[in-house]
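Enquirer: This is the structure I have questions about; it appears just below.
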Amino acid sequence: MRRLGALVLFLLLLAGNAGAEELTVSVAISLKEAVEEIGRDFVRRHPGAVLRYNFGASGELQKQIEAGAPVDVFLSAAQRQMDELDAKGLLLADTRRVFARNVLVVVKPADANIDLARPGDLRRVGRLAIGNPKTVPAGQYAEECLRALGLWDALRPRLVYADNVRQALDYVARGEVDAGFVYATDATARAGRVSEAFRPPEDTYRPITYPAAVLRDTRHARLARLFVDGLATAEARAILSRFGFGAPHRSPSAR
């Protein structure tokens with residue numbers, strides 16, 4: 001009798017899994033905690049939906065998509081990666097939208113004695129972490145900022161490149177560098193281990209906006225569209241706000 005019951009349960013689970021619809025979502029790692037919470041809410045609202053996440057630097061995620069990785073939805077930390085995918089025809093038409101904003105901050109280890117209050121103080125640091133500008137949007141924004149401030153050439157020999165913005169944050173948290181460029185939302189993710197030194201002028205780098213889009217080759221276009229559109233709901237906005245992300249500016253390009 002127990003064997004029969006186990007068999008029935010197995011068949012029921014098999015039938016349930018057969019009806020499941022799975023989305024693979026490639027996500028800029030700075031969004032990790034916020035998107036995981038948004039995802040849990042999405043799954044509750046759409047029974048049968050299963051979300052599989054791939055977190056990393058936006059540039060690396062872009063390369064994976066271009067190489068044919070089976071991704072349904074892409075959430076980037078910059079427009080550049082999405083623009084390049086769009087130019088190659090890899091996005092599903094009319095699904096792209098901007099759903100969040102961020103700003104750069106410079107952080108230092110929480111127990112550091114170094115006095116960093118303004119950009120010019122960076123000349124005193126020995127090692128400065130930024131994301132690799134070749135693939136990491138946070139690193140691209142940091143380079144733009146340092147060039148605009150006239151500090152790039154002086155600081156370049158001291159730069160420690162990270163594979164993504166969270167790695168740059170961890171370098172600072174572990175005291176392996178004196179300071180680092182990260183997003184404001186990342187600084188809160190290591191509260192107690194890093195402290196915010198200052199915020200560079202926002203006019204020294206491009207606006208940090210997060211676009212999302214459905215990929216052209218998705219096999220779950222309906223559910224993928226629902227996920228992207230759900231990023232604009234009041235519930236998702238509240239979650240993003242709680243993690244420190246700003247709402248997108250209203251403009252014709254926001255959708």
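The values are calculated or read from the model by the stated rules, or taken from the named source; none is laboratory data. It should be emphasised that the depicted structure is a prediction, and the values quoted were computed from it without experimental measurement. Because the Cβ atoms are built from the backbone with ideal geometry, glycine has one as well, and the counts that use them run over all protein chains shown.
Enquirer: Could you list, in sequence order, all residues of the stretch 157-201 that are under 19 Å from the mean Cα position of the chain (by Cα), farther than 21 Å from residue 134 by Cα and of a type in the set (Asp, Glu)?
Expert: Passing the criteria: none in range.
Enquirer: Take residue 175 and decide whether it is of a type outside the set (Asp, Glu), at pLDDT 95 or above, on the phi > 0 side of the Ramachandran plot and not assigned by TED's automatic domain parsing to the domain that holds residue 33. Can you show your working first?
Expert: Numbers: of a type outside the set (Asp, Glu): yes; at pLDDT 95 or above: yes; on the phi > 0 side of the Ramachandran plot: yes; not assigned by TED's automatic domain parsing to the domain that holds residue 33: yes.
Judged against the criteria, residue 175 is a match.
Enquirer: Looking at this structure, is residue 139 assigned to a helix (DSSP H, G or I), touching a residue at least 12 places away in the same chain (Cβ under 8 Å), surrounded by 24 or more Cβ atoms within 10 Å (Cβ to Cβ) and not β-branched (Val, Ile, Thr)? Step through it out loud before you land on a result.
Expert: On the way: assigned to a helix (DSSP H, G or I): yes; touching a residue at least 12 places away in the same chain (Cβ under 8 Å): yes; surrounded by 24 or more Cβ atoms within 10 Å (Cβ to Cβ): yes; not β-branched (Val, Ile, Thr): yes.
Yes, satisfied.
Enquirer: Pairs needed: first member in the stretch 68-84, free of Cβ contacts under 8 Å to residues at least 40 places away in the same chain; second member anywhere, surrounded by fewer than 24 Cβ atoms within 10 Å (Cβ to Cβ) and outside any helix (DSSP H, G or I); C-beta distance under 6 Å; at least 6 residues apart or different chains.
Expert: Partner pairs satisfying both residue conditions: none exist.
Listed here are the residues, each with its yes/no results for (1) in a helix (DSSP H, G or I); (2) closer than 18 Å to residue 140 by Cα; (3) of a type in the set (Ser, Thr, Tyr); (4) at pLDDT below 95.
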site	(1), (2), (3), (4)
4	yes, no, no, yes
7	yes, no, no, yes
16	yes, no, no, yes
38	yes, no, no, no
55	no, no, no, no
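Enquirer: If residue 222 meets every condition in (1) exposed (fewer than 15 other Cβ atoms within 10 Å of the Cβ); (2) under 20 Å from residue 144 (Cβ atoms); (3) touching a strand residue (DSSP E or B) at 6+ places or on another chain (Cβ under 9 Å) apart from one, which number is that one?
Expert: For residue 222, the exception is condition (2).
Enquirer: Continuing with this model, one more query. Return the residues of the stretch 105-123 that are under 17 Å from residue 166 (Cα atoms), hydrophobic (A, V, I, L, M, F, W, C) and crowded, with 22+ Cβ neighbours inside 10 Å; say none if nothing qualifies. Let's see the steps before the verdict.
Expert: First pass over the stretch 105-123, keeping only residues under 17 Å from residue 166 (Cα atoms): 105-110.
Now restrict to residues that are hydrophobic (A, V, I, L, M, F, W, C): 105-107, 110.
Passing the criteria: 106, 107.
Enquirer: Further question: Does residue 200 fit the bill of being under 29 Å from residue 175 (Cα atoms) and modelled with pLDDT of 95 or more?
Expert: Numbers: under 29 Å from residue 175 (Cα atoms): yes; modelled with pLDDT of 95 or more: yes.
Criteria met by residue 200.
Results for (1) outside any helix (DSSP H, G or I); (2) within 26 Å of residue 213 (Cβ to Cβ), shown as yes or no for each residue.
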| residue | (1), (2) |
| --- | --- |
| 123 | no, no |
| 143 | no, yes |
| 155 | no, no |
| 177 | yes, no |
| 187 | no, no |
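Enquirer: Would a scan of the stretch 205-222 turn up a residue that is in a loop (DSSP other than H, G, I, E, B) and under 29 Å from residue 112 (Cα atoms)? First the steps, then the outcome.
Expert: Applying the first criterion (in a loop (DSSP other than H, G, I, E, B)) to the stretch 205-222 yields 205-207, 216-220.
Okay, now just the ones that are also under 29 Å from residue 112 (Cα atoms), so 205.
The answer is yes, given that some residue of the stretch 205-222 is in a loop (DSSP other than H, G, I, E, B) and under 29 Å from residue 112 (Cα atoms).
Results for (1) closer than 19 Å to residue 190 by Cα; (2) part of a loop (DSSP other than H, G, I, E, B), shown as yes or no for each residue.
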residue: 68; (1), (2): no, yes
residue: 74; (1), (2): no, no
residue: 80; (1), (2): no, no
residue: 85; (1), (2): no, no
residue: 107; (1), (2): yes, no
residue: 112; (1), (2): yes, yes
residue: 117; (1), (2): no, yes
residue: 130; (1), (2): yes, no
